[in-house]
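The values are calculated or read from the model by the stated rules, or taken from the named source; none is laboratory data. Remember, it's a predicted structure, so these values are computed and weren't measured experimentally. Cβ placement follows ideal geometry from the backbone for every residue including glycine, while neighbour counts extend to all protein chains displayed.
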Amino acid sequence: MDEDIKKWDEYKWEGIFREEDQCINAYMKELPRYIDLPDEEEILFNRIRKMQKALPEANLLYDKLYEYQNSFEDEEPCLPEDWRNLQGADIYKKVLEYACAWTRLYVSAFNSDTMNLGLKGACMYAIMLSRIIGVMEMPADMPALVISSCKRVNSVINDIIGLTNEISRLQPNLSIRMNDQSSRLLLVREKVLALMEENRKKIG
């Protein structure tokens, strides 16, 4: 890839991320149909390749990012000791706290009408935590990448807030707890927006 990825704007990154999400969704949708076949992975990837546009470019990009962020071959795949000083660390701590609270509530209070939604919410929190860790590990000199990644975090926040509304409707006795989750997530969203603004200032 001859193009300098540091010069990409947030919209270029968004296009890459959208295609990645589309391919993941397609894979998960098709998986039940082929999971018992001996060559299911090859079949699935061949089907997904038909819908790809920029993903081969994205794959090269992810390799470059991995090399860029990992200077040593024996580096352990975890956050560094000073992770609390990384960008977005305060967001990570809050979301981890809320994710644990959601899981405890799911185990203790969700009924048969909301059990699947509770599990979906737990999965959404896992996705959001993964994306926040990604933001924390991103190079400081790639603000456009941080901005587009923060947009993805806020997208998950919006989805979880929508989920809390649905759970409140189906199980009214959880309304207060769901409203509390929504209120806290709105504060997290403000923190994410502030981080986006910090990185926009770097671009000028």
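Annotations for the structure displayed:
- Listed by first and then second residue, the pairs with beta-carbon distance under 8 Å, at least 6 apart or on different chains, first residue in the range 158-175 and over 20 Å from Arg189 (Cα atoms) and in contact (Cβ under 8 Å) with a residue 60 or more places away in the chain, second loosely packed, with under 13 Cβ neighbours inside 10 Å and not β-branched (Val, Ile, Thr), are Gln171/Asn111; Gln171/Asp113.
Condition check ((1) farther than 14 Å from Leu185 by Cα; (2) at pLDDT below 95; (3) in a helix (DSSP H, G or I)) across all residues:
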| site | (1), (2), (3) |
| --- | --- |
| Asn111 | yes, no, no |
| Leu117 | yes, yes, yes |
| Cys123 | yes, yes, yes |
| Ile127 | yes, yes, yes |
| Arg131 | yes, yes, yes |
| Pro139 | yes, yes, no |
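- Flag for Asn179 being in a loop (DSSP other than H, G, I, E, B), modelled with pLDDT of 95 or more and either surrounded by fewer than 14 Cβ atoms within 10 Å (Cβ to Cβ) or out of contact with any His (no Cβ under 9 Å at 6 or more places or on another chain) (or both): no
- Scan of the range 122-167 for residues that are closer than 25 Å to Ile5 by Cα, among the aliphatic types (A, V, I, L, M) and surrounded by 22 or more Cβ atoms within 10 Å (Cβ to Cβ), ordered by number: Met128, Ile132, Val135, Leu145, Val146, Ile147, Val153
- Taking every residue in the range 111-122 that is in contact (Cβ under 8 Å) with a residue 24 or more places away in the chain and pairing it with any residue that is among the polar types (S, T, N, Q), at least 6 positions away or on another chain, the pairs with Cβ-Cβ distances below 8 Å are Asn111/Gln171; Asp113/Gln171; Thr114/Gln171; Gly121/Thr164.
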